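I have placed the structure first, in the form of structure tokens, so that the comments after it can refer back to it.
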Amino acid sequence: MKLYVVGFGAGNRDGMTAAAEKAILSSDLIVGYTTYIKLIKAIFTEKEYASTEMTRERDRVILAFDEAQNGKTVSLICSGDSGVYGMAGLVYELSEKYPQIEIEIVAGVTAALSGAAVLGSPLTNDFAVISLSDLLTPWNKIEKRLECAAMGDFAVVLYNPSSKKRSDYLLKACDIMLKYKDENTVCGYVKNIGRQGQESGLLTLSELRNMTVDMFTTVFIGCSETKIIGGKMVTPRGYKDV
């Protein structure tokens, strides 16, 4: 009895690791969030699928465990990496009730990395990844993390930067950053990474403050050393000074 927890990357086959593809191909059933199932079903058309909607993560994990307990090899899929804002942690939290099931976590390419490749090389030095979604994390804690990252002069990647209910959260995050970062700090964004309709661009922190984004956009805020080289966002590692 086997349960794979698979990070499938951005949603296209080119961005999927060989290990992720192997796990999905070896599974009898693929379980995931409805939107992600649609992406994977377009690639692996002959597989059996089961899905749940947003906010039903526990139901999804229990479904995957139950099906594995019934003898199926199951892949529970997550976009990006399964351990970065993914389902891997919840799987382990609920695993005590299913001690007989073997769990294997399959790494994937998270949006911080796939998006960074689109923009250039913005994360060559230390960086922080912060989600602006307050669905599971209180906003006051998110504010503290933003402030600490800005104080430390990290390059910062923002996941879930906005939604209909959180339309001003990116503006709030930029205002926190502007306490410690120059308004001309190089920033970038990538929307629909690796999917149809991919868009990207570079701008300053002050320009980013007034930008409208959505949940499918990943935002990159540079550090004091980040610059534009050949139209790309680059944070030097400092090799020339070694």
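Confirm whether THR34 is within 20 Å of the chain's Cα centre (by Cα) and at pLDDT 95 or above.
no
Limited to the stretch 203-242, what total is found for residues that are touching a residue at least 60 places away in the same chain (Cβ under 8 Å), out of contact with any Ser or Thr (no Cβ under 7 Å at 6 or more places or on another chain) and within 17 Å of ILE130 (Cβ to Cβ)?
3
Starting from residues that are part of a loop (DSSP other than H, G, I, E, B), closer than 15 Å to LYS181 by Cα and not charged (D, E, K, R), keep the ones in the stretch 126-155 and report whichever is least open to solvent (accessible area, probe 1.4 Å).
Here the answer is GLY152.
Which residue, of ASP182, ASP175, is at pLDDT 95 or above, open to solvent by 30 Å² or more (accessible area, probe 1.4 Å) and not in a helix (DSSP H, G or I)?
ASP182
Quick one: which residue in THR55, THR17, THR34 is among the polar types (S, T, N, Q), more than 28 Å from THR137 (Cα to Cα) and surrounded by fewer than 22 Cβ atoms within 10 Å (Cβ to Cβ)?
Checking each option against the conditions leaves just THR17.
Residues to consider are LEU170, LEU123; find the one that is buried (at least 16 other Cβ atoms within 10 Å of the Cβ) and either assigned to a helix (DSSP H, G or I) or in contact with a Lys or Arg (Cβ under 9 Å, 6 or more places away or on another chain) (or both). Reasoning before the result, please.
Working: LEU123 fails: either assigned to a helix (DSSP H, G or I) or in contact with a Lys or Arg (Cβ under 9 Å, 6 or more places away or on another chain) (or both).
Residue meeting the stated conditions: LEU170.
For the stretch 101-113, which positions are open to solvent by less than 30 Å² (accessible area, probe 1.4 Å) and farther than 16 Å from PRO161 by Cβ?
Of all residues in the stretch 101-113, those open to solvent by less than 30 Å² (accessible area, probe 1.4 Å) come to 101, 106, 108, 110-112.
Answer for the stretch 101-113, where residues must be open to solvent by less than 30 Å² (accessible area, probe 1.4 Å) and farther than 16 Å from PRO161 by Cβ: ILE101, VAL106, GLY108.
If the Cβ limit is 8 Å and pairs must be 6+ apart or interchain, which residue in the stretch 87-105 that is closer than 16 Å to ASP59 by Cα pairs with which residue that is of a type outside the set (Val, Ile, Thr) and open to solvent by 40 Å² or more (accessible area, probe 1.4 Å)?
MET87/GLU57; GLY89/GLY83; LEU90/GLU57; LEU90/ARG58; LEU94/ARG58; TYR98/GLN69
Which of the residues that make up the stretch 185-202 are surrounded by fewer than 16 Cβ atoms within 10 Å (Cβ to Cβ) and either in contact (Cβ under 8 Å) with a residue 12 or more places away in the chain or assigned to a loop (DSSP other than H, G, I, E, B) (or both)?
Residues satisfying the conditions are ARG195, GLN196, GLY197, GLN198, GLY201.
Looking at the stretch 204-222, which of its residues are crowded, with 16+ Cβ neighbours inside 10 Å and either within 15 Å of SER121 (Cα to Cα) or not charged (D, E, K, R) (or both)?
LEU205, LEU208, MET211, VAL213, PHE216, THR217, THR218, VAL219, PHE220, ILE221, GLY222 - these are the residues of the stretch 204-222 that are crowded, with 16+ Cβ neighbours inside 10 Å and either within 15 Å of SER121 (Cα to Cα) or not charged (D, E, K, R) (or both).
Condition check: more than 27 Å from ARG56 (Cβ to Cβ) and out of contact with any His (no Cβ under 7 Å at 6 or more places or on another chain). Does TYR169 satisfy that? So that I can check it myself, show each step before the final result.
Working: more than 27 Å from ARG56 (Cβ to Cβ): no; out of contact with any His (no Cβ under 7 Å at 6 or more places or on another chain): yes.
Taking the combined requirement at face value, the residue does not satisfy it.
Could you give me the residue pairs with C-beta distances under 6 Å whose first residue belongs to the stretch 39-59 and is closer than 15 Å to SER79 by Cα, whose second residue is open to solvent by 40 Å² or more (accessible area, probe 1.4 Å) and not aromatic (Phe, Trp, Tyr) wherever it lies, and which are 6+ apart or on separate chains?
Once the first residue is closer than 15 Å to SER79 by Cα and sits in the stretch 39-59, its partners that are open to solvent by 40 Å² or more (accessible area, probe 1.4 Å) and not aromatic (Phe, Trp, Tyr) give ILE43/ARG13; THR52/ASP59.
Do the conditions hold for GLU225, that is, is it of a type outside the set (Ser, Thr, Tyr), part of a loop (DSSP other than H, G, I, E, B) and surrounded by 14 or more Cβ atoms within 10 Å (Cβ to Cβ)? Break it down stepwise before answering.
Numbers: of a type outside the set (Ser, Thr, Tyr): yes; part of a loop (DSSP other than H, G, I, E, B): yes; surrounded by 14 or more Cβ atoms within 10 Å (Cβ to Cβ): yes.
Judged against the criteria, GLU225 is a match.
If the requirement is being open to solvent by 20 Å² or more (accessible area, probe 1.4 Å), over 21 Å from the mean Cα position of the chain (by Cα) and on the phi < 0 side of the Ramachandran plot, which of these qualifies: TYR92, TYR98?
So the residue among TYR92, TYR98 that is open to solvent by 20 Å² or more (accessible area, probe 1.4 Å), over 21 Å from the mean Cα position of the chain (by Cα) and on the phi < 0 side of the Ramachandran plot is TYR98.
The values are calculated or read from the model by the stated rules, or taken from the named source; none is laboratory data. Nothing here was measured: the structure is a model prediction, and the numbers come from that model. We place every Cβ from the backbone using ideal geometry, glycine too, and count neighbours over all the protein chains shown. Heavy atoms of the whole protein, side chains included, go into the accessibility calculation; ligands, DNA and RNA do not. Shrake-Rupley method; radii C 1.70, N 1.55, O 1.52, S 1.80 Å.
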